[in-house]
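The values are calculated or read from the model by the stated rules, or taken from the named source; none is laboratory data. It should be emphasised that the depicted structure is a prediction, and the values quoted were computed from it without experimental measurement. All Cβ positions, glycine included, derive from the backbone under ideal geometry; neighbour counts span all protein chains shown.
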Amino acid sequence: MSIAHLFKSHDKDLGGGFTVRRILPAASRQSVGPFLFFDHMGPVEAQPGARHDVRPHPHIGLATVTYLFEGAIMHRDSLGTEQRIEPGAINWMTAGSGIVHSERTPEDLLGQVRRTHGLQLWAALPREYEEAPAAFSHTPADQIPEIAFEGATVRVLVGTAFGKTSPVPTFSQTLYLDVQLAPGGAVALDGLPDESAVYAPMGAIEVDGEAIPGNTMAMLEPGAAVRVSSSAGARFVLIGGAPLDGRRYIFWNFVSSSRERIEQAARAWEADAFVPVPGDNERIPLPAWPAAWKHEAPREQD
């Protein structure tokens, strides 16, 4: 068997009728390599005037990785970055010690029918970089390495594969591939990181002949060399990397190896102490404190 686990997605409403399929974190496993958050957005069609905006909100201890198949998103952050995200590009935002960003519909698209389809992942930063300065990296679609095989095309979004290395900067071993399979096409994957998984946002795939159910991520056995195929054609991604260097706490948009650090960040957001996004005064309020942490709000400092 080359498949170690199957993770089924569940629907998550982000507001405004925009629902995503969330796969990571899963009940049985927090992460695959550095990736501890995996959202499949859409495909969703918006009518003229409809907004699927994500208002300003904070992050610490992670990097967000945004990749679109269709549509466009306008990213703005507290560093002063304004970047239109379009299909094929990789946007890697390092939150580190703290950043605030918003993701909104570009103004030029508001008056028309439009579709949005893509993936957003979070990569936990290694402990030694959890408090690194915030940063933003945009890699245009034409700078992503691409390899063509018979019946398959592979884009190396992050990391190194098939002798090609992505220019996207990372903090630990990280691999993220976008693979398109023609009908009857297949691709052989080997030399993968210890933790790797595949997910098909379009079409159906088989791993070594075993069909993967729709909206399901298949985590591969460590060291597995696999053949991913599709009888009707499909598009799938592979994610992976070195295992995390310890457990991570997650509350809302905060990730850290220290629960106390998350509580500190939550207090700072409630106190409006984060640097804001220039020109965007909206903000998403802190949600209720998780019951599993046995208090309803961050503890006051002594």
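Quick one: which of 86, 146, 128, 150 is closer than 27 Å to residue 61 by Cβ and surrounded by fewer than 21 Cβ atoms within 10 Å (Cβ to Cβ)?
Only one candidate qualifies: 128.
Which residues, counting only those in segment 30-49, are out of contact with any Lys or Arg (no Cβ under 9 Å at 6 or more places or on another chain) and buried (at least 16 other Cβ atoms within 10 Å of the Cβ)?
32, 33, 34, 35
When you scan segment 235-252, how many residues do you find that are farther than 26 Å from residue 222 by Cα and surrounded by 24 or more Cβ atoms within 10 Å (Cβ to Cβ)?
Within segment 235-252, the first condition is being farther than 26 Å from residue 222 by Cα, and the residues that meet it are 251-252.
Among the residues that remain, those that are also surrounded by 24 or more Cβ atoms within 10 Å (Cβ to Cβ) are: none.
The qualifying residues number 0.
I'd like the full set of residues that are surrounded by 14 or more Cβ atoms within 10 Å (Cβ to Cβ) and hydrophobic (A, V, I, L, M, F, W, C), limited to segment 212-231.
212, 217, 218, 219, 220, 224, 226, 228
Is it fair to say residue 165 is in contact with a strand residue (DSSP E or B) (Cβ under 8 Å, 6 or more places away or on another chain), among the β-branched types (Val, Ile, Thr), surrounded by fewer than 16 Cβ atoms within 10 Å (Cβ to Cβ) and modelled with pLDDT of 95 or more?
For residue 165, the condition - in contact with a strand residue (DSSP E or B) (Cβ under 8 Å, 6 or more places away or on another chain), among the β-branched types (Val, Ile, Thr), surrounded by fewer than 16 Cβ atoms within 10 Å (Cβ to Cβ) and modelled with pLDDT of 95 or more - is met.
Testing residue 128 on (1) modelled with pLDDT of 95 or more; (2) in contact with a Ser or Thr (Cβ under 9 Å, 6 or more places away or on another chain), one condition comes back false. Which one is that?
Condition not satisfied by residue 128: (2).
Residue-wise test of (1) more than 22 Å from residue 35 (Cβ to Cβ); (2) of a type outside the set (Ser, Thr, Tyr).
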residue: 73; (1), (2): no, yes
residue: 105; (1), (2): yes, no
residue: 108; (1), (2): yes, yes
residue: 120; (1), (2): no, yes
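Would you pick out the residues in segment 171-207 that are surrounded by fewer than 21 Cβ atoms within 10 Å (Cβ to Cβ) and among the hydroxyl-bearing types (Ser, Thr, Tyr)?
172 - this is the single residue of segment 171-207 that is surrounded by fewer than 21 Cβ atoms within 10 Å (Cβ to Cβ) and among the hydroxyl-bearing types (Ser, Thr, Tyr).
Out of all the residues in segment 69-78, which are outside any loop (DSSP other than H, G, I, E, B) and within 22 Å of residue 95 (Cβ to Cβ)? Before you say what the answer is, go through the steps one by one.
Taking segment 69-78 and keeping what is outside any loop (DSSP other than H, G, I, E, B), we get 69-70, 73-77.
If the condition is that a residue be outside any loop (DSSP other than H, G, I, E, B) and within 22 Å of residue 95 (Cβ to Cβ), then 73, 74, 75, 76, 77 are the ones that fit.
For segment 156-190, give me each residue that is part of a strand (DSSP E or B), under 21 Å from residue 136 (Cα atoms) and not β-branched (Val, Ile, Thr).
Those that are part of a strand (DSSP E or B), under 21 Å from residue 136 (Cα atoms) and not β-branched (Val, Ile, Thr): 157, 175, 176, 177.
Out of all the residues in segment 81-116, which are touching a Ser or Thr at 6+ places or on another chain (Cβ under 8 Å) and hydroxyl-bearing (Ser, Thr, Tyr)?
94
Taking only segment 79-117 into account, find how many residues are at negative phi and either at pLDDT 95 or above or in a strand (DSSP E or B) (or both).
The qualifying residues number 26.
Out of 288, 271, I need the residue that is out of contact with any Leu (no Cβ under 9 Å at 6 or more places or on another chain), surrounded by fewer than 17 Cβ atoms within 10 Å (Cβ to Cβ), at pLDDT 95 or above and not β-branched (Val, Ile, Thr). Which one? Even if it seems obvious, please write down each step before you answer.
Numbers: 288 fails: at pLDDT 95 or above.
The match here is 271.
Right, residue 212: modelled with pLDDT of 95 or more, closer than 26 Å to residue 117 by Cα and touching a Phe, Trp or Tyr at 6+ places or on another chain (Cβ under 7 Å) or not?
No.
Tell me which of these residue 9 doesn't satisfy, since it passes every other one: (1) polar (S, T, N, Q); (2) closer than 18 Å to residue 104 by Cα; (3) buried (at least 16 other Cβ atoms within 10 Å of the Cβ).
For residue 9, the failing item is (2).
Within segment 119-136, can one find any residue that is over 22 Å from residue 261 (Cβ atoms) and assigned to a loop (DSSP other than H, G, I, E, B)?
no
Can you find a residue in segment 140-151 that is within 20 Å of the chain's Cα centre (by Cα), in contact (Cβ under 8 Å) with a residue 40 or more places away in the chain, part of a strand (DSSP E or B) and closer than 21 Å to residue 79 by Cβ?
We begin by selecting, within segment 140-151, every residue within 20 Å of the chain's Cα centre (by Cα); these are 140-141, 143-145.
Retained after the next criterion (residues that are in contact (Cβ under 8 Å) with a residue 40 or more places away in the chain): 140-141, 144.
The next check asks that each one be part of a strand (DSSP E or B); those that pass are none.
For segment 140-151, residues within 20 Å of the chain's Cα centre (by Cα), in contact (Cβ under 8 Å) with a residue 40 or more places away in the chain, part of a strand (DSSP E or B) and closer than 21 Å to residue 79 by Cβ: absent.
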